[in-house]
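Quick note: the coordinates plus some simple rules give every number you see, no bench work behind them. If you're wondering where the values come from, they're calculated on a predicted model, not measured in any experiment. When we count neighbours, we look across all protein chains shown, and the Cβ atoms used for this are built from the backbone with ideal geometry, even at glycine.
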């Protein structure tokens, strides 16, 4: 089932059950996906759709920080609720242990020996982990392995 189909089903369910936050968040996500597809001139693939969801997640995280700074707890609560809905549409994030195993394999494959070789290892891992892992964590793990 594609993300669009899953969103259409979830929207109907949210409308029937009266979940306004879920309904509004799904509508926002569908609009963002639709706008991105129009901008690209074609339908989005799974990686591109995930990137749109991640972008919205990051926007909500930024909004939460700003609303907390502005002392707006009512808006923080709504943003957190919307963030939880969006998180349902992200693929599972890899654990640190999985990243360590893949990073060790990449270090061996590239023959990296020192911190100067981090670029080789990160290039190897970036394609594999795109959209599935926090690249800052990956970078941290690689640095630890090369130290």
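The table below gives the values:
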{"item": "Using a Förster distance of 22 Å, the FRET efficiency for residue 57-residue 2 (Cβ separation, nearest 0.05)", "result": "0.70"}
{"item": "Mean separation of Cα contacts under 8 Å (6+ apart) over length of the chain, as relative contact order %", "result": "20 percent"}
{"item": "Residue-span extension gain [residue 130 to residue 24] - 0.36 nm each, minus C-alpha spacing", "result": "35.4 nm"}
{"item": "Unit Cα scatterers, Debye sum, the chain: log10 I(q)/I(0) for q = 0.15, 0.16, 0.21 Å⁻¹", "result": "-0.88, -0.94, -1.17"}
{"item": "Net length gained if the chain between residue 123 and residue 109 were fully extended (0.36 nm per residue, minus Cα distance)", "result": "3.9 nm"}
{"item": "Additional length obtainable on full extension of the chain from residue 139 to residue 36, 0.36 nm per residue less Cα span", "result": "34.2 nm"}
{"item": "Cα centroid separation, region 1-29 to region 97-129 (Å)", "result": "39 Å"}
{"item": "Spin-label pair residue 15/residue 87, simplified geometry with 7 Å Cα→Cβ offset, distance in nm", "result": "2.8 nm"}
{"item": "Cα shape, region 3-87, gyration tensor, a/c 1.5 rule", "result": "oblate"}
{"item": "Computed FRET value (nearest 0.05) for residue 45 with residue 66, which takes r as the C-beta separation and R₀ as 22 Å", "result": "0.10"}
